[in-house]
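First comes the structure, then the notes that go with it.
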Amino acid sequence: MNDKLDKLGELAKEIMDDSFSNVNKTMADAKSFNLDKIEDDKEREIIKKKISEMESIERRFKEAILKKDSNELNNLLKEAKNNLKG
Amino acid sequence: MSNISKNTEAKYFLNNIERNAPLEWEDVKITAEYENDTIQPSLSTDSFVFNLDARQVVNQWISDGLTGGVGIFEGMPFDLVLFNQNATQKKFESFLDFTNDYRDFPDDGEVSVSLIDKNGLDGFFQQLTGTTFGYLEEIGVFTESDYINVPYVVEKKFNLFEILMSSIVLYLMVKELAESVARTADAVSDAVTLILIPITGAAAVAIKATAVALITIIYTAILLLAIIDMATTLFNTLFSPKRTHKAILLKTALTKVANHFGYDFITPVTEYNNLVFLPSNPNFDEKALLGFISVTKGTQTGIPNILDYGYFTEDMFNLAKELPYAKMAVYGNVIHLRPKNDPFWIQQSQWVAPDTLINTLQYNTDEMKATRVLSFATDLNDEYTVDNYFGTAVEIRTQPVSVINQKAVLLKGLDDVKFNVALGNRKDSLNAIENLLKGVAIFIDTVTGIFGGGSNFAASINSRIGILKVSTNYHSIPKVLYLNSDGTMPTNHRDLLNADVFWEKYHKEKSFVRDNWNGQKKVYNNITIPFGFEDFLILLTNSYFNFNGIQAKLSKFEWITGEDNATISFYTRVPYTKNLQEIKIVPA
């Protein structure tokens with residue numbers, strides 16, 4: 001049993017590390033996008049707003065992680081889903 | 001030695017002022033008894049009778065208690081100074097003891113009162129009697145800085161239910177964790193799928209990918225936090241916390257009490273450098289609404305509580321004497337507590353008995369006990385004191401080597417020495433639950449590492465090794481513990497502190513077999529010898545002496561102060577039978 005727990009702990013850590021890399025990479029991609037290429041002013045503003053929202057979610061997520069704040073994480077999950085739908 | 005006794009004259013001082021001699025002082029008898037083989041005697045005297053101005057001073061001392069004086073409950077200094085034509089002068093300092101047989105006779109103009117030796121143990125023990133550690137703590141003699149922290153853990157002797165519970169919960173936890181990891185993997189997979197959905201606009205694709213990545217990591221974090229919460233609850237529920245008792249080094253307790261009464265304290269008993277007195281613990285843990293422990297309750301103070309043997313300071317000194325079969329004596333201002341076999345006692349002896357005609361010789365057959373038992377207490381509230389019994393008691397059986405008629409064997413009697421404290425038990429290894437939970441602890445520590453760290457459950461399990469272990473939090477018998485300076489118990493603590501150690505190092509002094517038949521004595525009772533004031537003063541200090549070139553020890557003497565002789569009783573250590581052998585039993 002203890003061996004399984006050991007492995008699961010390592011696996012959980014690996015998944016979290018991968019997820020962090022994924023977030024960092026996608027966030028960097030999004031932020032590196034040249035918004036001036038978007039001709040439609042309305043679309044450019046929406047994209048800009050979305051990036052800003054996700055930056056905010058990422059920052060609050062990192063804070064919530066350090067505080068182990070489950071409530072805040074649940075709020076962030078909802079916000080991120082809404083962001084995706086929008 | 002008794003040259004001062006010839007043609008002796010005396011002066012009497014009450015409260016440091018010379019007064020007229022007590023009436024019939026020549027007939028006052030002083031009896032010195034060395035009960036339990038003590039070094040210094042317990043004195044009893046006929047009362048001294050004072051008249052004239054001496055009576056007035058004595059009674060004034062008492063009546064001053066109404067007008068700001070110390071009054072009847074403090075002894076009045078009474079010094080007896082004897083001198084002779086050689087200008088040799090000796091002083092016996094004492095106090096008038098108004099609480100013992102004080103009587104005033106107004107019609108006769110006399111007052112009768114007894115004495116107590118100023119520097120004797122009697123005075124010290126009379127002060128100890130009724131003085132409690134609670135009182136001494138209340139007035140600030142004992143403070144927090146005198147106490148030491150003793151870490152301990154409560155570990156039930158039988159915890160099958162907890163093992164069963166933890167096994168089931170552990171299984172469910174692993175299962176849930178495995179499923180959670182799988183669900184997280186699915187979520188990641190879904191996110192990837194979402195990204196692959198054709199959408200218009202490169203920026204929108206990047207934003208969607210970021211959102212999916214965020215959702216994935218938040219979801220994973222929520223699941224992991226839930227699992228950490230569950231594992232932590234499991235850990236805290238099934239894993240008894242490490243707690244702390246307050247205790248006190250026995251030597252510190254004795255020293256502080258002696259200091260309080262104006263004495264210094266010395267003991268060479270090596271065990272006392274590490275021997276800690278742990279009071280009983282009547283406290284129950286505080287529990288939260290769901291029944292989990294919210295506040296652990298060890299002993300709150302290091303001194304004995306009112307239910308304990310040792311709460312009365314006299315009992316604590318008696319315990320300290322009984323363990324190493326010790327004697328106490330006062331030299332100058334210092335109380336010595338030393339084993340009876342300490343050569344110090346004999347080195348201090350100065351008196352040489354005069355050559356005397358011995359009419360009667362006896363043997364100390366009354367001190368022969370066929371069975372001797374030394375035992376520490378057991379505590380039903382701490383099952384380990386029963387389960388790990390080895391060293392708690394030792395039995396010595398003395399029997400004849402050869403017998404002609406078994407029915408005629410005269411060896412009998414029991415010497416049952418009970419130490420009213422229990423021994424401690426060390427946590428030597430992790431138990432089944434701890435081994436089960438060790439995996440949980442490592443898991444929690446690993447996963448909380450992802451969240452910036454914070455837990456150290458695995459180390460907290462291992463830190464329990466080497467500390468005191470009890471089966472419930474409320475042990476009812478005080479314990480003596482052999483501790484390292486950090487409060488842990490050495491691996492061999494039971495080898496260092498057990499009944500057999502105390503027998504072999506100290507109590508075997510009583511043995512009629514060991515150390516060349518050391519316990520066998522020839523006894524001489526009521527021998528009349530020339531005796532004087534100087535002899536009296538020497539024998540007040542030390543009862544060992546030289547008798548015809550052999551070491552001897554007094555058990556009693558009676559001296560009528562106006563006479564130049566006394567009757568003494570004493571013994572010498574001389575084997576008188578070798579037809580004895582001992583069998584030692586150490587119950588496990």
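The values are calculated or read from the model by the stated rules, or taken from the named source; none is laboratory data. Keep in mind that what you see is a predicted model, and the values were worked out from it rather than measured. We place every Cβ from the backbone using ideal geometry, glycine too, and count neighbours over all the protein chains shown. These area figures cover heavy atoms from the full protein model, side chains too; ligands, DNA and RNA do not enter into them. Shrake-Rupley method; radii C 1.70, N 1.55, O 1.52, S 1.80 Å.
In the range B:553-569, what residues are more than 31 Å from the chain's Cα centre (by Cα) and in a strand (DSSP E or B)?
Step one: list which residues in the range B:553-569 are more than 31 Å from the chain's Cα centre (by Cα), which gives B:557-569.
Residues satisfying the conditions are B:Phe557, B:Glu558, B:Trp559, B:Ile560, B:Asn565, B:Ala566, B:Thr567, B:Ile568, B:Ser569.
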Can you find even one residue in the range B:347-359 that is of a type in the set (Gly, Ala, Ser) and within 22 Å of B:Gln520 (Cα to Cα)?
yes
Only one of B:Ala253, B:Ala258, B:Ala211 that is within 14 Å of chain A (Cβ to nearest Cβ) and either at pLDDT below 75 or assigned to a helix (DSSP H, G or I) (or both)
B:Ala211
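Test B:Phe277 against the stated conditions and say whether it is surrounded by 19 or more Cβ atoms within 10 Å (Cβ to Cβ), under 22 Å from B:Met489 (Cβ atoms), in contact (Cβ under 8 Å) with a residue 40 or more places away in the chain and over 15 Å from the mean Cα position of the chain (by Cα). Write out each step before concluding.
On the way: surrounded by 19 or more Cβ atoms within 10 Å (Cβ to Cβ): yes; under 22 Å from B:Met489 (Cβ atoms): yes; in contact (Cβ under 8 Å) with a residue 40 or more places away in the chain: yes; over 15 Å from the mean Cα position of the chain (by Cα): no.
No, not satisfied.
Of B:Thr577, B:Thr561, B:Thr567, which residue is out of contact with any Ser or Thr (no Cβ under 7 Å at 6 or more places or on another chain), within 30 Å of B:Ser94 (Cβ to Cβ) and either polar (S, T, N, Q) or open to solvent by 60 Å² or more (accessible area, probe 1.4 Å) (or both)?
Details: B:Thr577 fails: within 30 Å of B:Ser94 (Cβ to Cβ); B:Thr567 fails: out of contact with any Ser or Thr (no Cβ under 7 Å at 6 or more places or on another chain).
From the options B:Thr577, B:Thr561, B:Thr567, the qualifying one is B:Thr561.
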Restricting the search to the range B:341-376, which residues are touching a residue at least 60 places away in the same chain (Cβ under 8 Å) and within 20 Å of B:Leu540 (Cα to Cα)?
B:Asn341, B:Asp342, B:Phe344, B:Trp345, B:Ile346, B:Gln348, B:Ser349, B:Gln350, B:Trp351, B:Val352, B:Ala353, B:Pro354
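Do the conditions hold for B:Glu35, that is, is it over 20 Å from B:Gly562 (Cα atoms) and charged (D, E, K, R)?
Details: over 20 Å from B:Gly562 (Cα atoms): yes; charged (D, E, K, R): yes.
Against the criterion (over 20 Å from B:Gly562 (Cα atoms) and charged (D, E, K, R)), B:Glu35 qualifies.
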If you take just the strands (runs of 3 or more DSSP E) that sit entirely in the range B:352-446, which of them hold at least 2 residues that are in contact with a Gly (Cβ under 9 Å, 6 or more places away or on another chain) and over 30 Å from B:Asn236 (Cα atoms)?
B:371-377, B:414-423
When residues of the range B:411-445 are filtered for being crowded, with 22+ Cβ neighbours inside 10 Å and free of Cβ contacts under 8 Å to residues at least 24 places away in the same chain, how many remain?
0
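Table: residues versus (1) open to solvent by 70 Å² or more (accessible area, probe 1.4 Å); (2) within 7 Å of another protein chain (Cβ to nearest Cβ).
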| residue | (1), (2) |
| --- | --- |
| A:Phe20 | no, yes |
| A:Lys37 | yes, no |
| A:Glu45 | yes, no |
| A:Lys49 | yes, no |
| A:Glu53 | no, no |
| A:Glu58 | no, yes |
| A:Phe61 | no, yes |
| A:Ser70 | no, yes |
| A:Lys78 | yes, no |
Only one of these is within 30 Å of A:Ala64 (Cα to Cα) and either touching a Pro at 6+ places or on another chain (Cβ under 9 Å) or surrounded by 15 or more Cβ atoms within 10 Å (Cβ to Cβ) (or both): B:Thr488, B:Thr448, B:Thr472. Name it.
B:Thr448
